[in-house]
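Please treat every number below as a calculation from the coordinates, not as lab data. All figures in this text were calculated on a predicted structure; none of them were measured in a lab. Cβ: placed from backbone, ideal geometry, glycine included. Neighbour counts: every protein chain shown.
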Amino acid sequence: MQRYFVAPEQFRDGAITITGEDAHHAARVMRMKPDEEIIVCDGAGRSVKAVVIEVSPLEIRAKAIEVLAQDSEPAWQITIAQGLPKGDKMELVIQKGTEIGASSFVPFESERVIVQYDGKKEAKRIERWGKIAKEAAEQAHRHTIPTIESVKSWRQMLATIEQYDLALFCYEREGADAHGRGIAKAVREWKASRNINNEFVQDDVSPRILLMVGPEGGFSEREAVEVEAAGAVLVGLGKRILRTETAGLVGLTCLLYESGEMEGA
């Protein structure tokens, strides 16, 4: 069953309107017909099964017939803060991170970022990243689309750390030869200090966790010192050196496992 995201204003009193590229794709590519059933989410916590009433390349009209449970979103709100990578690697991080369960993405500049950031192109780039997140959320049957923030400077990134319940800084020295603390140990220590168990988290609170990943060249020692002073915990992702586009996805999966996401019913 096809899944679509619409803005809240396109979803009123059970009447749903799908426009733009989604309407064109549904009408021309999917050959949608009246009386077909679809799933529609407004990205703000409402998902329904709907029946199509009218189809055109400009607009699809549908009517909600059943409210669906919001059961595919992770218990923890996990933000991947990604040091700007080269080429289209950020697109991969957003696509796969959305499928796995990230709640938001924050690209940022750091000391060893190789790519030259062009602020003039940011709006177009954010728009493209948002489209990738939307399509990935539809494919993964999510009820919300992750947010993608504008590119932050290193200082701006440091200033946001205090907004999170836990901030993890993926630093290769923490993983090499078991030099330091692994991500699983750090998360379990945090859970113990907060008296958090998975059942409690899922039922009552939704912790906000920040996962910081460096660019191709990793982080510098100076950055590690500064981020730890700002309140983040330095963690490793194992003894192997991961590519920048791999590290965040591995860290995200580890966090979801520790949240109880993988336990099943």
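What's the long-distance tail for the range 101-183, i.e. % of Cα pairs beyond 19 Å?
Here the long-distance tail beyond 19 Å is 56 percent of all Cα pairs in the range 101-183.
Using only the C-alpha atoms of the range 3-67, find the volume of their convex hull and express it per residue in Å³.
That works out to 67 Å³ per residue.
Given the pairs Lys131/Lys191; Lys191/Lys239; Lys134/Lys239; Lys63/Lys152, which are separated by over 30 angstrom at their Cα positions?
Table pairs above 30 Å Cα-Cα are Lys131/Lys191; Lys134/Lys239; Lys63/Lys152.
With charges set only on the Cβ (+1 for Lys and Arg, -1 for Asp and Glu), what does the dipole of the range 26-87 come to about its Cα centre, in debye to the nearest 20?
300
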